[in-house]
Amino acid sequence: MMKRSPATVGILLLSVLVTFGCSAFHEVSVVSHGDEVAKMEKPVPARTSGATSASPVVVSDFPQLEPEEGVVPTPVIPIDKPIPITPRVASPSAKDSGAKDFFAQSAEDSVLPWTLQDVFFDYDRRAIRKDAIPILEQNAKVLLKRYPNREVLIQGHCDERGTEEYNLILGERRARAVKNYLIDLGVKASQMRVLSLGKSQPFCPQRSYLCFGLNRRAHFVLK
């Protein structure tokens, strides 16, 4: 058998180590890159209904309620109903002195009138007109704050057109419409009475459309 020198043996061993080392490094690199590619190409699983993590819920300031099954939601229509006026309370001095109509005055009360204004109606109508609303609101404040213990008579008037019987009915309906509106504003029903005068007492005696409009009114008389 042929003997090799130590130098030759060392070169052979170095060649073997270099060959196996490069193969191992190449194998590790292929496996590593393969895992990264597989990880990148792996599809994202769809979220199931039973997942524990959920997106944050945003609560609206005005939450919308879901309609009940089989129930058709009806639209909300604003109602034109007057806001009741809070009556004043008599001051302690008034209770001690026995004065019935003495009430503590405020800055708003000082500018209130002492009279009640008439309100007017359209031809052959008893509905409260829009221009009558601020007048009735002021009349309610006058009754509640200046005359809380006085009775008021609401007279219903009509123009001269139509029969006497028909106008008496129409005048009463106008007076009652005014009374009901004042009740909604806080005036006591027991404080008011209604009376229909029909066309018997016109405010304007002339036969014109202007006078007809002035005669279709509700007039207030303090008792």
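Name the residues in the stretch 117-131 that are buried (at least 19 other Cβ atoms within 10 Å of the Cβ) and within 13 Å of residue 213 (Cβ to Cβ), would you?
119, 121, listed by residue number.
Check the stretch 130-148 and report whether any residue there is farther than 13 Å from residue 218 by Cα, among the aromatic types (Phe, Trp, Tyr) and either touching a helix residue (DSSP H, G or I) at 6+ places or on another chain (Cβ under 6 Å) or not in a loop (DSSP other than H, G, I, E, B) (or both).
No, the stretch 130-148 contains no residue that is farther than 13 Å from residue 218 by Cα, among the aromatic types (Phe, Trp, Tyr) and either touching a helix residue (DSSP H, G or I) at 6+ places or on another chain (Cβ under 6 Å) or not in a loop (DSSP other than H, G, I, E, B) (or both).
Return a yes/no flag: does the stretch 134-143 have any residue that is surrounded by fewer than 16 Cβ atoms within 10 Å (Cβ to Cβ) and among the basic types (Lys, Arg).
The answer is no, given that none of the residues of the stretch 134-143 is surrounded by fewer than 16 Cβ atoms within 10 Å (Cβ to Cβ) and among the basic types (Lys, Arg).
So, in the stretch 154-199, how many residues would count as being of a type outside the set (Lys, Arg) and farther than 14 Å from residue 217 by Cβ?
Our first condition is that a residue be of a type outside the set (Lys, Arg); within the stretch 154-199, this holds for 154-160, 162-172, 175, 177-178, 180-187, 189-192, 194-198.
Adding the requirement that they be farther than 14 Å from residue 217 by Cβ leaves 162-166, 168-169, 180-187, 189-192.
So the answer is 19.
Within the stretch 203-210, does at least one residue satisfy the condition of being in contact with a helix residue (DSSP H, G or I) (Cβ under 6 Å, 6 or more places away or on another chain) and either over 15 Å from residue 132 (Cβ atoms) or of a type in the set (Ser, Thr, Tyr) (or both)?
There is at least one residue in the stretch 203-210 that is in contact with a helix residue (DSSP H, G or I) (Cβ under 6 Å, 6 or more places away or on another chain) and either over 15 Å from residue 132 (Cβ atoms) or of a type in the set (Ser, Thr, Tyr) (or both).
Bear in mind these aren't lab numbers, they're just calculated from the coordinates by the rules spelled out. All values reported here derive from a predicted model rather than from experimental measurement. As a convention, Cβ positions derive from the backbone with ideal geometry for all residues, glycine included, and neighbour counts pool all protein chains shown.
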